[in-house]
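The values are calculated or read from the model by the stated rules, or taken from the named source; none is laboratory data. Only a predicted model underlies this, so the values are computations on that prediction, with no experimental measurement involved. Ideal geometry is used to build each Cβ from the backbone, glycine not excepted, and the neighbour counts take in all protein chains shown. These accessible areas exclude ligands, DNA and RNA; they are computed on the full protein's heavy atoms, side chains included. Shrake-Rupley method; radii C 1.70, N 1.55, O 1.52, S 1.80 Å.
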Amino acid sequence: MRVLVVEDDMMIALLIEDMLIDLGHEVIDLAMRLPRAEELAKSADFDLVILDVNLDGRKSFPVADILADRGIPFLFATGYGASGIEPAYAGSPVLTKPFLAGDLQAAIGRLVAQRPYA
Amino acid sequence: MVATQAEQDDGTVFPVGGGETGSLIRAFDWSVTPLGPITSWPQSLKTVTNMLLLSPVPIVLLWGEDGIMIYNDAYSVFAGARHPQLLGSKVREGWAEIADFNDNVMKVGLSGRTLAYENQQLTLTRRGVPEPVWMNLDYSPVVDESGKPAGVIAIVVETTKRVLAEQRTRQSEARFRALTNATSDIIYSLGPDWKEMKQLYGRGFLSDTDAPAIAWQADYLFDEDRPLVQAAIDEAMRKKSVYQLEHRVRQVDGSEGWVFSRAVPIFEEAGEIVEWFGAASDITERRRNEEHLKLVVHELNHRVKNNLAMIQAIAMQTFRDASDLKEAQRRFSARMVALGRANDLLTGELWVGASLRGAISQAMEPHCPDASRCLVEGEDVTLSPKTALSLSLAVHEMATNSLKYGAWSNDEGVVDVVWKIYERADGARRLRIVWRETGGPAVSPPQRRGFGSVLIERGLSREMGGEVKMEFLPSGLVCTVDAPEDPYAERPV
């Protein structure tokens, strides 16, 4: 899978990238702040997104809106857990930090399986 | 058979009946008093004596100038331990403690006038100790056969219990008024069914209700809270017991406040509720603090998890390609210490922003061999907490590498960190940070990218939204970070 990572913490971003690469995925880009994340969500070419909720104090839901419009699946990765997700995205898959590579792979598997055209 | 003193010349007995006191009067030796033997009493005295003895009301007759006392059973109860000594005594001597009062009574009564007192207080000694006694006293003259006043008859109704009860009620009311003035609580009273607010002192927090109001719920409550409040009211009315609830209220200025409200039912004698009386304290501040605390705890939980994820990331990076486990453990510990120090830096700024100088200095200091060999120059810049943390971790890696391979690995090399804000040709404001090592051993690009390089090249560049250049010059390593001053001001095209 070609994955966009949106994560504001440098260390965690590197970890998620390494996990994805180890799992055989391709990280097409990393956005660490909201403007860059919105930019990439609109224009870049990828299959799914790992989306942090809090980007340096700003919520990433505008990015989720763009992805929902484009029909691109995403999963939230956050320390807030499901309680920090806006009601509009209450049904979206959530990975609670910290997580293992296996958790990430399982979540990606479920996300892909849910797609009607996958 | 010995005739009693009271046996009359015609063989009849005087006085008739009169209970215990009647018997005492019959047995009394009246010849030692100014009244003389009972057989010689004038008819007027006998008639009044018979009349008072048959009355259930406490009555005393004071006969003659001396006011010789003749009374009934009801009066003997009033007199307490002073009875039966009082019988036949002169009133000024019998009630020596109020001789002046009775002196006036005798003078007025024998002059043919009446006296009336309501709740008159006198201090009497009836049970060994002086005590205040309240009475309704009515004095009327009694005329003898000559038509002149010969005595005074007094109806004595003790009102002490009622007077004391009234005093207690007045004191209680005064205390209640003092309480409602002294407390900062809102005080309110409602009808038995809670439909009507009779009165509410709002203390400037809520608007006052001075006249009974039916629409009090609409005035004081927000519509969405009314079912909750009504449920608590229904429960209190069903149990006829304390009402207690914390709820939102509309303050005087229309804004939202919170009260802790308690009310108790007041019952009439038959056990029906006549009123609910309550007090409510303003807990708006406390509720705000609680809400704030909830947010803080939620946020703290998030940060703890984020930090754990960060530690997990550092552990992965440190141990993934480690050939020397002991060395990797040492590095991991050093990175934990660096992370801990960086967190101190952020909490010092309450996570709202951190100083660039602070982030760099506090990461360099623990490794710096000598103050003259670590130079930090530049006008301070405020960074977002995230960026400060990342920069701090990157500087930690640079510093440990310098100690191992670079300028700090010999006795004289210097690390110089300089930064400045400048304006690019296109007008964008940029921050440039230069880490320059000089005076160390000759360096060459490393065979393998270490964690430090990964962190700076893959991480810091994207963290700051700029470019990072690592140059391994013969004079030493030069690392240049060039990024927008404000990552939100500039959108990459």
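Stokes-Einstein diffusion of the stretch B:106-146 at 20 °C, 1.002 mPa s viscosity, Kirkwood radius from Cα pairs, rounded to a whole number: 178 µm²/s.
Interface residues of the stretch A:1-27, defined as those with an accessible-area decrease of at least 40 Å² between the chain by itself and the complete set of protein chains (probe 1.4 Å), are A:9, A:10, A:11, A:12, A:14, A:15, A:18.
Contact order, relative form, for chain B: 6 percent (alpha carbon pairs under 8 Å, 6 or more residues apart, mean separation divided by residue count). From the P(r) of chain B, can you give the percent of Cα pairs sitting at distances over 36 Å? That fraction is 66 percent.
Interface between chains A and B: roughly 3000 Å² of accessible area buried, both sides summed (probe 1.4 Å, protein heavy atoms only). What list of ³J(HN,Hα) values in whole Hz, one per residue of the stretch A:50-60 in order, does the Karplus curve 6.51 cos²θ - 1.76 cosθ + 1.60 (θ = phi - 60°) give from phi, with Gly and Pro shown as x? Going residue by residue, I get 9, 10, 6, 7, 9, 9, 6, x, 10, 6, 8 Hz, with x marking Gly and Pro. Convex hull volume per residue, computed on the Cα atoms of the stretch B:343-484, equals 106 Å³. For the protein assembly as shown, adding -39500 (n - 2.57) for each run of n ≥ 4 DSSP H residues and dividing by the number of residues yields -11500 deg cm²/dmol at 222 nm. With all protein chains kept in place, the per residue accessible area of chain B amounts to 52 square angstrom at a probe of 1.4 angstrom.
Just the protein heavy atoms count here, and of the accessible area of the protein assembly as shown at 1.4 Å, carbon and sulfur take up 54 percent.
The lysines within cross-link reach of residue B:198, meaning a Cα-to-Cα straight distance under 16 Å and a gap of 8 or more places when in the same chain, come to none at all.
For the protein assembly as shown, what is the percent of antiparallel DSSP beta bridges, rounded to the nearest 5?
Bridges in the protein assembly as shown that DSSP calls antiparallel: roughly 80 percent.
When restricted to Cα atoms, the stretch A:49-108 yields an Rg and a Dmax of 11.0, 29 Å, respectively. Take every DSSP beta bridge whose two residues both sit in the stretch B:201-272; close to 90 percent of them are antiparallel. When the residues B:258, B:134 are ordered by accessible surface, computed with a 1.4 Å probe over the protein chains alone, the sequence from largest down reads B:258, B:134. Using a Debye calculation, one point per C-alpha and no hydration shell, please list log10 I(q)/I(0) for the stretch B:19-163 at q = 0.08, 0.09, 0.20 Å⁻¹ in order. Values, matching the q order: -0.19, -0.25, -1.34. Sorted largest first by accessible area at a 1.4 angstrom probe radius, with every protein chain in place, the residues B:479, B:374 fall in the order B:374, B:479. In this structure, the amide hydrogen of residue B:376, modeled 1.01 Å from its nitrogen in the peptide plane, lies closer than 5 angstrom to those of B:417, counting only residues at least 5 positions away or on a different chain. Which whole-number value in Å³ per residue fits the convex hull of the alpha carbons of the protein assembly as shown? It is 336 Å³ per residue. A quarter of the convex hull surface defined by the alpha-carbon atoms of chain A gives 6.5 nm² as the mean projection. Within the stretch A:44-59, the residues that become at least 40 Å² less accessible when every protein chain is included than when their own chain is isolated (1.4 Å probe; DNA, RNA and ligands ignored) are A:56, A:58. Counting heavy atoms of the protein chains alone, residue B:404 has an accessible area of about 90 Å² for a 1.4 Å probe.
Rounded to the nearest 20 debye, what is the charge dipole size of the stretch B:19-163 about its Cα centre when +1 sits on each Lys and Arg Cβ and -1 on each Asp and Glu Cβ?
160
With only the Cα atoms considered, the stretch A:1-66 has a convex hull volume of 65 Å³ per residue. Projecting the Cα positions of B:277, B:47, B:454 onto the charge dipole of chain B (unit charges on Cβ atoms of Lys, Arg, Asp and Glu, taken about the Cα centre) puts B:454 furthest along the positive direction. Cross-link partners of residue A:59 among lysines, defined as those whose alpha carbon lies under 16 angstrom from its own and excluding same-chain residues fewer than eight positions apart: B:386. Karplus-derived 3J(HN,Hα) values for the stretch B:80-97, using 6.51 cos²θ - 1.76 cosθ + 1.60 with θ = phi - 60°, are x, 6, 6, 7, x, 4, 5, 4, x, 8, 7, 4, 5, 8, x, 9, 4, 5 Hz; glycine and proline are entered as x. For the stretch B:183-282, the Kirkwood hydrodynamic radius from C-alpha pairs, put into Stokes-Einstein at 20 °C and a viscosity of 1.002 mPa s, yields a diffusion coefficient of 158 µm² per second.
Annotation: amide H of residue A:77 within the under-5 Å range of A:51, A:52, A:53, A:95, sequence separation 5 or more or interchain, hydrogens built in the peptide plane. For the stretch B:286-392, the orientation-averaged shadow of the C-alpha convex hull comes to 8.9 nm² (one quarter of the hull surface). The heavy atoms of residue A:103 offer some 70 square angstrom of accessible surface to a 1.4 angstrom probe.
Translational diffusion coefficient of the stretch B:29-74 (Stokes-Einstein, Kirkwood radius from Cα pairs, 25 °C, 0.890 mPa s): 223 µm²/s. Amide H contacts for residue B:443 (H built 1.01 Å from N in the peptide plane; partners 5 or more residues away or on another chain; cut-off under 5 Å): B:476.
Debye-formula intensities of the stretch B:111-240, expressed as log10 I(q)/I(0) at q = 0.19 Å⁻¹, are -1.12 (one equal scatterer per alpha-carbon, no solvent). Backbone phi angles across the stretch B:292-307, fed through the Karplus curve with coefficients 6.51, -1.76 and 1.60 (θ = phi - 60°), yield HN-Hα couplings of 4, 4, 4, 4, 5, 5, 4, 5, 4, 4, 4, 5, 4, 5, 5, 5 Hz in residue order; Gly and Pro are listed as x.
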